[in-house]
1. Would you check which residues across segment 201-227 are among the basic types (Lys, Arg) and within 9 Å of the ligand (Cβ to nearest atom) and list them?
2. What residue, of VAL152, VAL136, VAL115, is touching a strand residue (DSSP E or B) at 6+ places or on another chain (Cβ under 8 Å) and either open to solvent by less than 60 Å² (accessible area, probe 1.4 Å) or closer than 30 Å to ASP77 by Cβ (or both)?
3. Given the structure, is LEU124 touching a Leu at 6+ places or on another chain (Cβ under 8 Å), open to solvent by less than 80 Å² (accessible area, probe 1.4 Å), under 25 Å from ASP184 (Cα atoms) and free of Cβ contacts under 8 Å to residues at least 12 places away in the same chain?
4. Only one residue in SER146, SER97 is buried (at least 18 other Cβ atoms within 10 Å of the Cβ), more than 19 Å from SER74 (Cα to Cα), touching a strand residue (DSSP E or B) at 6+ places or on another chain (Cβ under 9 Å) and among the small types (Gly, Ala, Ser), so which one is that?
Amino acid sequence: MENKIIIPLDLDGKEASELAKTLDPKICRLKVGNQLFTSSGPKIVKEFQQQGFDIFLDLKFHDIPNTVHEAVKSAADLGVWMVNVHAAGGRKMLEASRKALEDYSNPPLLIGVTVLTSFSEDSLLDIGLSNLSEQVIRLTRLAKNSGLDGVVCAASDTKFVKTEFGKDFLTVTPGIRPSGSRLDDQSRVSTPLEAIRNGSDYLVIGRPITGSSEPKKALEEIYKEIS
Ligand code: C5P
């Protein structure tokens, strides 16, 4: 099984550094998101890279096309493995993010966020949108047509995305819970095995690993389940 699990380090800098030291870059990649990047910046990304980890820089850029173009270039200059943008930023912004990477020989994978899983139909109404699944499909199509490499989606949507947009269009799936573990605040969850069977390319698994007293063992157990 290739390196398919991405561990989000939604922690403060010190905790994240300590946890990374217990993990093996051959069997997991790390996700640095808004919390950790805002507190610890590029320095912590470099620290993890020096330990051999691939980094998913999860800052979900959403701004005018020129600003996102420059932000994506900065991410590529940092040498991250994956970076993401909000598909709702629109075609021009997405195309600018693709263009930003054209001069790099080994660019990061460029992933689109469609509708955050924290949105419900009701909360979508507040921002003037009415149909959640239609919105997810619309934004996935926009991401694909703008040249992105894939989308973040629920594992249960992976089959549909692969059928509709091709098997090479990547799916990055959070909301993964090994059988028997706590749901926390996730609702549309899948087990690691279900996610793999549905064709998910990368599984984002946080608290079942980071909240465990033995994170390395928790990760190894998950690999046993999916191998
Ligand atoms: O701890 P848990 O496994 O729920 O962590 C999931 C990670 O994936 C978190 O970093 C969360 O921000 C991120 N995420 C998500 N749902 C999305 C996009 C990202 O849970 N739609």
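The values are calculated or read from the model by the stated rules, or taken from the named source; none is laboratory data. Remember, it's a predicted structure, so these values are computed and weren't measured experimentally. In this analysis, Cβ positions are derived from the backbone assuming ideal geometry, glycine residues included, and neighbour counts consider all displayed protein chains. Ligands, DNA and RNA are excluded from the accessible area calculation, which covers all protein heavy atoms including side chains. Shrake-Rupley method; radii C 1.70, N 1.55, O 1.52, S 1.80 Å.
1. ARG207
2. Of the residues listed, the single one that is touching a strand residue (DSSP E or B) at 6+ places or on another chain (Cβ under 8 Å) and either open to solvent by less than 60 Å² (accessible area, probe 1.4 Å) or closer than 30 Å to ASP77 by Cβ (or both) is VAL152.
3. Judged against the criteria, LEU124 is a match.
4. SER146
Here's the yes/no breakdown for (1) touching a helix residue (DSSP H, G or I) at 6+ places or on another chain (Cβ under 6 Å); (2) within 16 Å of the ligand (Cβ to nearest atom):
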| position | (1), (2) |
| --- | --- |
| ALA96 | yes, no |
| ASP103 | no, no |
| ILE111 | no, yes |
| LEU116 | no, yes |
| LEU124 | yes, yes |
| VAL136 | no, yes |
| VAL152 | no, yes |
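Matching residues to (1) among the hydrophobic types (A, V, I, L, M, F, W, C); (2) open to solvent by 20 Å² or more (accessible area, probe 1.4 Å); (3) within 16 Å of the ligand (Cβ to nearest atom); (4) touching a residue at least 24 places away in the same chain (Cβ under 8 Å):
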site	(1), (2), (3), (4)
THR22	no, yes, no, yes
VAL68	yes, no, no, yes
ASN84	no, no, yes, yes
ALA88	yes, yes, yes, yes
